[in-house]
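Enquirer: Right, I'll just put the structure down here and ask away after.
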Amino acid sequence: MLVTKRILYLGAIFIIALIVLSSIPATAIQASSKVVFIGGYDMAFTGGSPLPISGGAFSSYTFSTLMPGSVTATNLVGKDTAVLNMASYGTSPSYNGLRCDSGRLSGSEKDVINNFVANGGKLIIYDVECSVGVNYDWLTYPFHTSNPGATGSRSGTLTIYEENELSRTNPADPKYINTAAITTDTDAVGDMNVADTLNINPNWCLDMTGRNVRGNFGATHMYAKSGSGLFIYNGLDTNYNTYGTTGATHLNKIWLQELQASGADLPCGISPGGISLNPHTVTNPVGTSHTVTALVTIAGTGIPISGKVVTFEVVSGPNTGVLGTVTTDASGLASKTYSDNGGAGTDKIKASFIDDTGATRTSNIVEKIWEPTCTGSTCIPEFPTVALPIMSVLGIMFLMSRKKHN
């Protein structure tokens, strides 16, 4: 009897554990807590001012540094956020910062950084006033930038195009960012770097866009989800962030909100490249239908374009092939519905259109997971459906055997 009781007891614990584990969601992006600066804190290579790391809201974070040559998976253990500080100079006599050169990171170090993000980490990229475009071809989602260098210009334009946890336009909102003050009180906008929209991976998502002193126009604040982690790129200059003006305060607030970002309110509604596709991942039974919607905008601006012909295509999966074309409406939207004729599996879908320059703009890839259906005796219920009755029976048997033994 004692052996039977132990078996019942262990069986019940095993099933309870399985139920609990099956209910735990996949690893999610976390707000920052332990932050490491790759290349060091300073931005002395370009004469920029360092980001605040102490006092006020920043006192709740733990900051440390990691220099090129020491970026390993082991050294990133316990860190939830890394700041890729491209303008870091480093300390004398070696001056071993990044110095606006991603080549100072080895191939294995670049792999470690990408894997860090894919496994749930956050990477925030700053290349303040680097006078030439920094090479980001090694990132999971590559892009190029146009960099004006250090001019000190308080000019240009800065516009928020997506309301999210990084920035919002309502002055009453706690996440509000005063873009006008940043433009006139600092040189953050005049000297900002912008992404080249013809050479950007479509998985990047637009937050802010603008025009710098050189007339270069495009995304200066954007993000991309990778695996269970998050990339954030910030091309704004930080030279005036210590001046105590309204603009400086909001410039530092952007940095704080990058640290606070959890991914819970980052909808990825607009691609800097000009076309975004949603929803990102959906699961439904085989034999049903699915609708995807493309948003077409002027690249780098978030301004919708009507009258553009969008081509939808399943690039791989059970329904591989061109789905057809749809013309965008007044809001720049085009939707396509298709039925599953290929059975179970995962369709990877993209959309594309030709812009006014004749260039083909391609969206991010989204997924449609078609799950098999079942009938009658071929059905295997979901785990909780099976486990809960079994657990109840085992529990009753255990209690009855215990009562009988006593």
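The values are calculated or read from the model by the stated rules, or taken from the named source; none is laboratory data. This structure is a prediction, so every number in the text was calculated from the model and none was measured. Cβ coordinates were reconstructed from backbone atoms using ideal geometry, including for glycine residues, and neighbour counts include every protein chain displayed.
Enquirer: Could you check the range 124-159 and list, in sequence order, the residues that are under 24 Å from the mean Cα position of the chain (by Cα), closer than 14 Å to G215 by Cα and not in a loop (DSSP other than H, G, I, E, B)?
Expert: Correct list: T145, S146, L158.
Enquirer: More than 22 Å from S146 (Cβ to Cβ) and buried (at least 23 other Cβ atoms within 10 Å of the Cβ): does that describe G55?
Expert: It is false that G55 is more than 22 Å from S146 (Cβ to Cβ) and buried (at least 23 other Cβ atoms within 10 Å of the Cβ).
Enquirer: Right, here's the next one. Given (1) under 26 Å from F143 (Cβ atoms); (2) modelled with pLDDT under 95; (3) outside any loop (DSSP other than H, G, I, E, B), identify the lone condition not met by A334.
Expert: In the conditions (1) under 26 Å from F143 (Cβ atoms); (2) modelled with pLDDT under 95; (3) outside any loop (DSSP other than H, G, I, E, B), A334 misses (2) alone.
Enquirer: Hey, can you tell me all the residues within the range 276-293 that are within 23 Å of the chain's Cα centre (by Cα) and either among the hydrophobic types (A, V, I, L, M, F, W, C) or surrounded by fewer than 24 Cβ atoms within 10 Å (Cβ to Cβ) (or both)?
Expert: First, the residues of the range 276-293 that are within 23 Å of the chain's Cα centre (by Cα): 276-283, 292-293.
Within the range 276-293, L277, N278, P279, H280, T281, V282, T283, V292, T293 qualify.
Enquirer: Show the residue pairs that are 6+ apart or on different chains and have beta-carbon atoms under 9 Å apart, the first residue being within the range 57-77 and part of a helix (DSSP H, G or I), the second being modelled with pLDDT of 95 or more and small (G, A, S).
Expert: Correct list of pairs: L76/A82; L76/G121.
Enquirer: With respect to the numbered conditions (1) part of a loop (DSSP other than H, G, I, E, B); (2) charged (D, E, K, R); (3) surrounded by 18 or more Cβ atoms within 10 Å (Cβ to Cβ), which one is the sole condition not fulfilled by D207?
Expert: For D207, the failing item is (1).
Enquirer: Restrict the check to the range 18-36 and report whether at least one residue is in contact with a strand residue (DSSP E or B) (Cβ under 7 Å, 6 or more places away or on another chain), surrounded by 15 or more Cβ atoms within 10 Å (Cβ to Cβ) and at pLDDT below 95.
Expert: Yes - at least one qualifying residue is present in the range 18-36.
Enquirer: So which of I125, I160 is closer than 29 Å to I298 by Cβ and either in contact with a Leu (Cβ under 6 Å, 6 or more places away or on another chain) or not assigned by TED's automatic domain parsing to the domain that holds K225 (or both)?
Expert: I125
Enquirer: Go through the residues of the range 258-275 one by one and say whether even a single one is free of Cβ contacts under 8 Å to residues at least 12 places away in the same chain and surrounded by fewer than 18 Cβ atoms within 10 Å (Cβ to Cβ).
Expert: No; the residues of the range 258-275 include none that is free of Cβ contacts under 8 Å to residues at least 12 places away in the same chain and surrounded by fewer than 18 Cβ atoms within 10 Å (Cβ to Cβ).
Enquirer: Can you name the number of the only condition in (1) surrounded by 16 or more Cβ atoms within 10 Å (Cβ to Cβ); (2) outside any loop (DSSP other than H, G, I, E, B); (3) among the aliphatic types (A, V, I, L, M) that M192 fails?
Expert: Checking M192 against (1) surrounded by 16 or more Cβ atoms within 10 Å (Cβ to Cβ); (2) outside any loop (DSSP other than H, G, I, E, B); (3) among the aliphatic types (A, V, I, L, M), the one that fails is (2).
Enquirer: Now a separate question. Take the conditions aliphatic (A, V, I, L, M) and in contact with a Pro (Cβ under 9 Å, 6 or more places away or on another chain) and apply them to L105. Does it pass?
Expert: yes
Enquirer: May I pose another question? Filter the range 294-325 for residues that are over 24 Å from the mean Cα position of the chain (by Cα), of a type in the set (A, V, I, L, M, F, W, C) and more than 19 Å from G358 (Cα to Cα); which is surrounded by the most Cβ atoms within 10 Å (Cβ to Cβ)?
Expert: L323
Enquirer: Scan G244, G302 and give me the residue that is in contact (Cβ under 8 Å) with a residue 60 or more places away in the chain and assigned to a loop (DSSP other than H, G, I, E, B).
Expert: Just a single option satisfies the conditions, and that option is G302.
Enquirer: May I pose another question? Can you spot a residue in the range 202-215 that is under 23 Å from the mean Cα position of the chain (by Cα), in the same structural domain as S153 (by TED's automatic domain parsing) and small (G, A, S)?
Expert: yes
Enquirer: For the range 41-70, enumerate the residues that are modelled with pLDDT under 95 and touching a strand residue (DSSP E or B) at 6+ places or on another chain (Cβ under 6 Å).
Expert: The answer is P50, and nothing else.
Enquirer: Then there is this: Going through the range 77-93 one residue at a time, which ones are crowded, with 21+ Cβ neighbours inside 10 Å and hydrophobic (A, V, I, L, M, F, W, C)?
Expert: The answer is A82, V83, L84, M86, A87.
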